[in-house]
């Protein structure tokens, strides 16, 4: 499955952040989850019980399947957190 942005964004309007050390382009105002899905990243965290990878499920803040670790902010829901230029995000 491939997600994509519904609008074309000129390259100069993109911001950049890191997910697990990899540079990801995003549109200002996007959530972390939307930016990661648009970049082809479907797995956001590991299960604490089975170590299986999980990704976003509801995309409205109800399920906590998209929890990630943001440097200087701690754990947060990727679907509810706006991406910022230079943000450093890792799988939780």
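Please tell me the relative contact order of the range 1-63 in percent, rounded to the nearest whole number, where contacts are Cα pairs under 8 Å and at least six residues apart.
Rounded, it is 24 percent for the range 1-63.
Arrange 32, 22, 15 by Cβ neighbour counts within 10 Å, fewest through most, would you?
So the residues, fewest neighbours to most, are 22, 15, 32.
How many nm separate the modelled label positions at residue 5 and residue 39, each set 7 Å beyond the Cα in the direction of the Cβ?
About 1.3 nm, to one decimal.
So between residue 73 and residue 51, what do we pick up on full extension, going 0.36 nm a residue minus the alpha carbon distance?
Stretched out fully, the residue 73 to residue 51 stretch lengthens by 5.6 nm.
Quick one: order 47, 5 by neighbouring beta-carbon count within 10 Å, fewest to most.
47, 5
Modelling each spin label as a point 7 Å along the Cα-to-Cβ direction, I'd like the residue 23/residue 88 distance in nm, to one decimal.
1.7
Laboratory data are not the source of any read-out in this text; all were calculated from the coordinates shown. Quick caveat, the model's predicted, so the values are computed rather than measured. Glycine also receives a Cβ, built like all others from the backbone with ideal geometry; neighbour counts cover every protein chain displayed.
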